[in-house]
Structure formats: C-alpha cells, structure tokens
Amino acid sequence: MTQGPAILFTSFEPSGDDHASAVIAELKRRHSGLRVFAWGGPKMEAAGAVIVEQTGRDAVMGVPGIGKILEHKRINQRIKAWLKDNPVVLHVPVDSPAANFPICKIAKASGARIVHLVAPQVWAWASWRVHKLKRLTNFVCCVLPFEEEWFRQRGVRARFVGHPIFDRPLDTAQLDEQIAGWSSGRPQITLLPGSRPAEIHKNFPLLLEAYRRIAREHPQISGVVAATRPDVEVVLRELAAASGEWPGSLRFVSAATDAAIRWSEMCLVVSGTVTLQVARQCRPMVIVYKSSRIAYNLVGRWLVRPAHFSLPNLIAGREVVPELIPHFGGADAIINEAVGLLERPELVERQKGALADIAARFEGFHAAINTADVIERVAGLVGAESASPVPAGP
C-alpha cells in the first residue's frame with residue numbers, strides 16, 4: 001500500500017513543544033491520515049505526532065557547551081539515518097537555530113522542503129546567519145510582528161502568523177476559580193524563573209533575594225513561583241536553601257502560569273516567551289536575565305545587536321518595561337525597579353497601557369491556523385479548502 005506524505009518536526013525546548021503541538025493538531029484535524037513524526041515532547045505526541053525521540057527537558061539558551069554540541073552531533077547522525085528509511089516531504093524546525101540548522105541541511109539534502117516555525121532570532125544576534133537561513137529554508141513563519149519585514153528585506157520568504165500564546169482566549173472565570181484560595185496578602189508578586197535548567201539556576205536566586213528583601217518592608221506580602229513542571233520545585237527549594245529559607249509567604253505552582261499572572265499585582269520575570277503571557281494580561285513586570293560579564297565581553301557584545309532585548313520592548317520599539325539584560329550584578333537593581341512600581345501608580349498605569357498596545361498587535365491572527373496554511377502550501381498537501389494563500393514574498 002502506498003503511504004501518504006510525511007512531515008518531520010524537530011523541537012528541542014519546552015516552548016517549541018507548545019508551539020508545534022498546536023500546529024500538529026491543526027494539521028491532523030485537516031488531514032487525519034497525514035503522517036507526522038517528531039524529535040519532540042509530550043504535547044507534540046498528544047497532538048498526533050509519532051515521537052521518534054523525546055527532547056526538550058535539558059534545553060540551553062545561548063552558546064551551548066561542548067557536551068551539548070556533541071550530543072546534537074549524535075542526534076544529527078540518527079536523524080540522517082532515520083530520513084534514509086523514512087523520507088519526508090517537509091521538515092519543520094521549531095526555533096533553536098543552533099540545533100536545527102544542521103538538521104535543515106540534512107533534510108534538504110534528502111529532498112525535503114523546509115518551513116521554519118518560529119523565526120530564528122538572527123535579527124538579534126549574529127545577523128550574518130540570515131544568509132545561512134536563506135539557504136536552508138523555503139519559508140519562515142514569524143511569531144513576532146516586526147520579523148516579517150526584517151526577513152523580507154533580506155530576501156527570505158516570511159509571514160507573520162501570530163503567536164500561539166494569543167491563539168486561545170483566556171478563560172478568566174476558570175482562572176479566577178483556580179486562584180480563589182490563594183493568599184490575598186499585599187503586595188501580590190509572581191516570580192517567573194524560566195523553563196531552562198541553566199537559566200533557573202542563574203536567575204531564581206536573584207528573584208528570590210529580591211522577594212525576600214521586598215518582604216522586609218512589606219510583611220503582609222504574598223508570592224507565587226510559577227514553573228513549567230512540578231519537578232522543578234525540588235530544584236527551586238534546593239536553590240532557596242543554599243541562601244536561607246523558603247519564605248512562608250511564597251507558594252509554588254506548576255503548569256499554572258496564566259493563573260499566577262492573573263493573581264499578581266506585579267511579576268518578576270526571567271526574559272523569554274513568558275513575558276508575552278504577562279503582557280497579554282497587562283500586568284506590570286520587571287524583566288531580568290543574568291549573564292556572565294566575562295562571557296558577554298568576550299563573545300556576547302560582538303554578537304548581540306538590538307537596542308532592546310526583552311520581547312515587549314522589542315515589539316514596542318522602545319523601553320516600556322524595565323529590562324535588566326544582560327544583568328551582571330545582584331538583586332539591588334531588581335528591587336529598585338520593583339519598588340518603583342509598587343510606590344508609583346503612574347508607572348504601573350503607563351506600563352499597563354503600553355502592554356495593552358503590544359497585545360493588540362496580535363489580534364486577528366491565529367498562529368496554528370496560519371502556520372498550517374503555510375505548511376499545506378509548501379508541502380503540496382491538496383484538497384485543503386481551509387488553506388489561505390501564502391504571500392509570495394520577495
């Protein structure tokens with residue numbers, strides 16, 4: 001029996017598992033017999049992908065170490081061997097350009113076309129990589145509003161498809177029910193320490209120290225630490241024990257980020273996609289990302305180009321949220337920014353207004369539907385009446 005076309009997704013981070021799963025579910029809804037394979041996570045599997053290998057639990061950000069490089073070389077060899085026995089019409093790399101670019105080259109050599117889901121942030125650092133991207137892609141699905149024009153100006157076919165975070169309306173009644181029993185002590189501060197192990201180890205002690213010191217001046221404070229997985233709690237409590245005790249006013253929750261944001265008056269956030277979740281609910285925030293001063297001076301400052309680093313400020317084109325990126329010091333700067341928001345309501349209202357403007361830029365877009373449209377077109381899947389035309393691009 002002749003089998004139908006097959007698509008391969010490769011994702012190496014929890015956020016990629018989120019993004020890809022919604023697209024896979026939409027593709028399977030339209031084409032129930034479509035074969036979808038993945039190097040990916042549990043959400044992609046639940047959406048209908050056959051997981052060849054599980055990935056994403058130990059993702060890194062920035063320049064990977066030698067161990068991670070060697071691990072991905074072995075993954076590349078396994079993917080190359082797998083593709084020889086399992087030809088696909090399309091490869092969908094999800095973010096993680098350092099891991100995915102070599103796989104794109106392998107997939108392209110096998111005859112597959114390439115659609116990038118989540119544009120590699122070559123506009124942010126090492127922008128010369130856009131030439132490599134141009135060689136290794138047929139289309140780029142952008143999840144940030146300014147990316148489409150940037151790529152098109154450089155000869156890369158691209159389309160702003162929206163962002164998965166904004167695809168589903170918030171169920172505020174359900175969120176309110178979820179947080180009904182949480183502490184109402186004031187101020188209510190949510191700590192969002194990131195999802196990657198390395199960034200948690202670097203940044204959570206800073207967020208925790210800021211919370212502890214704010215608590216000295218506000219003894220009625222209540223806090224929530226929101227993590228992506230329940231097993232992260234062990235790591236967080238170990239980090240807390242290394243510098244003192246876990247504050248009695250601080251609750252841990254997992255897989256409840258939107259609820260934790262809705263409950264909060266202010267968020268202390270490690271830079272990343274979660275800042276858009278905070279922006280969506282117009283909660284004031286301070287964004288931080290701790291870096292090594294030596295590594296940044298040796299490598300980072302030569303590679304990183306944008307005037308702003310956090311997603312809200314990049315989208316706004318100006319600083320609307322305090323961002324401490326890269327951050328080399330202790331908790332003092334975080335505390336100063338947080339206390340400024342607690343003591344100056346006009347700063348809070350100004351930030352809320354700017355965040356509402358940012359959220360409005362995603363209205364009318366549905367990332368999963370629009371990305372599935374692109375994939376259908378590029379993969380040559382026919383009979384999809386729901387598919388909309390893909391812009392021709394440059």
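What follows is calculated from the coordinates using simple rules that are stated; it is not laboratory data. Keep in mind the model is a prediction, meaning the values are calculated, not measured. No Cβ is skipped: glycine too gets one built from the backbone with ideal geometry, and neighbour counts run over all protein chains shown.
Worth pointing out:
- Based on C-alpha pairs under 8 angstrom that are at least 6 apart in sequence, the chain has a relative contact order of 16 percent.
- When each of LYS80/LYS132; LYS84/LYS108; LYS43/LYS290; LYS73/LYS202; LYS108/LYS132; LYS28/LYS73 is checked by Cα-Cα distance, pairs over 21 Å: LYS43/LYS290; LYS73/LYS202; LYS28/LYS73
- Taking amide H as placed 1.01 Å from N in the peptide plane, PHE9 has its amide H under 5 Å from the amide H of PHE37, ALA38, TRP39, VAL92, each at least 5 places away in sequence or on another chain.
- Think of the chain as a dipole: +1 on every Lys or Arg Cβ, -1 on every Asp or Glu Cβ, centred on the Cα centre; then among ASN76, THR273, ALA260, ASN76 lies furthest on the positive end.
- Mean residue ellipticity (222 nm) of the chain, computed from DSSP H runs ≥ 4 via -39,500 (n - 2.57), nearest 500: -13000 deg cm²/dmol
- Net charge in the neighbourhood of ALA368 (other residues with Cβ under 9 Å of its Cβ; Lys, Arg +1, Asp, Glu -1) is -2.
- Labels on offer are (1) 60, 49, 38; (2) 70, 46, 39; (3) 63, 45, 38, and the one holding Cα extents along the principal axes in Å computed from this structure is (2).
- With at most 11 neighbouring Cβ atoms within 10 Å, loop GluC sites (Glu not before Pro) (DSSP) excluded, longest segment of the chain: 1-244
- Extreme residue, positive dipole direction of the chain, given options PHE37, ASN138, ALA158 (C-beta unit charges): ASN138
- Relative contact order of the stretch 172-360, taken over Cα pairs closer than 8 Å and 6 or more residues apart, is 23 percent.
- Under the convention that each Lys and Arg Cβ holds +1 and each Asp and Glu Cβ holds -1, the size of the dipole of the stretch 172-360 around its Cα centre is about 420 debye.
- A straight line joining the Cα centroids of the stretch 7-35 and the stretch 145-198 runs 19 Å.
- Helix axis angle, 367-379 relative to the chain longest principal axis, alpha carbon, degrees: 20
- Charge tally in the Cβ shell below 10 Å around GLU265, where Lys, Arg are +1 and Asp, Glu are -1, GLU265 excluded: +2
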